[in-house]
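Accompanying notes for the structure given below.
The values are calculated or read from the model by the stated rules, or taken from the named source; none is laboratory data. Computed from a prediction, not measured in an experiment: that's the story for all the values here. Quick reminder, even Gly has a Cβ in these numbers, built from the backbone with ideal geometry, and neighbours come from all protein chains shown.
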Amino acid sequence: MPSPANLTTLQETTKSPIDGTEYVRLATTGANWKATLQNIVDALATLPTDPTFTSVTVTTTVTVTGAVTAARFILSASGINTQTGTSYSLLSTDNGKVITLNNANPITLTCPAGLGAAFACTIIQLGAGQVAVVAGGGATVSGFGGATHLAGQFAMGNIIAPTANSFVLGGNIT
């Protein structure tokens, strides 16, 4: 892969006459060259102002050491985990997802130990069966006033682990 030296600095910026969106064009050398994220960041450092981008596509892992802010959050279909049984135990892959629970009978959602601090997900009761959120062995679940059930059909709740194995349930709960 070419070194950052193969990426020249900012070539030009243009504004869309339709919506005012600013686009940045970077000049590169070499045929079929793919810039790494660091190469792009290095080139963007030559910008005279702090630009705002409306779309960035990254096809590899990005690690951010500072704050990240966003004007909006867009959920994709892969961010929804649909459950139709009467029991489900959260998995580490549910972190950041929306879990829908849909059954006519009562549903038990278990928060197991081992998901780690900062685990967070949203749960939605789609069916008539009330969702009870329970702790797995070695974990605890707490809700305001001791509530650990979603309030009814179409109720939503958030589960957050502020510390490892300690979950807090909030939202439409009873």
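Surrounded by 12 or more Cβ atoms within 10 Å (Cβ to Cβ), over 19 Å from GLY152 (Cβ atoms) and among the aliphatic types (A, V, I, L, M): which single residue out of LEU109, LEU115, LEU75 fits that description? Only one candidate qualifies: LEU115. For the list (1) under 14 Å from THR100 (Cα atoms); (2) touching a strand residue (DSSP E or B) at 6+ places or on another chain (Cβ under 8 Å); (3) among the aliphatic types (A, V, I, L, M), I need the number of the one condition that ALA120 fails. Answer for ALA120: the failing condition is (1). Sub-9 Å Cβ pairs linking a first residue in region 114-125 that is under 10 Å from ASN165 (Cα atoms) and in the same structural domain as ILE159 (by TED's automatic domain parsing) to a second residue that is of a type in the set (Phe, Trp, Tyr) and assigned to a strand (DSSP E or B), at least 6 apart or interchain, are LEU115/PHE167; PHE119/PHE167, ordered by first then second residue.
Scanning region 123-145 for any residue that is surrounded by 17 or more Cβ atoms within 10 Å (Cβ to Cβ) and hydroxyl-bearing (Ser, Thr, Tyr) turns up nothing. The set of residues in region 153-166 being closer than 26 Å to ASN102 by Cβ and surrounded by 13 or more Cβ atoms within 10 Å (Cβ to Cβ) consists of GLN153, ALA155, MET156, GLY157, ASN158, ILE159, ILE160, ALA161. The number of residues in region 132-142 that are in contact with a Phe, Trp or Tyr (Cβ under 9 Å, 6 or more places away or on another chain) and either closer than 14 Å to TYR88 by Cβ or assigned to a strand (DSSP E or B) (or both) comes to 5. Hey, can you tell me all the residues within region 70-90 that are more than 20 Å from VAL133 (Cβ to Cβ), aliphatic (A, V, I, L, M) and assigned to a loop (DSSP other than H, G, I, E, B)? ALA70, ALA71, ILE74, LEU75 - these are the residues of region 70-90 that are more than 20 Å from VAL133 (Cβ to Cβ), aliphatic (A, V, I, L, M) and assigned to a loop (DSSP other than H, G, I, E, B).
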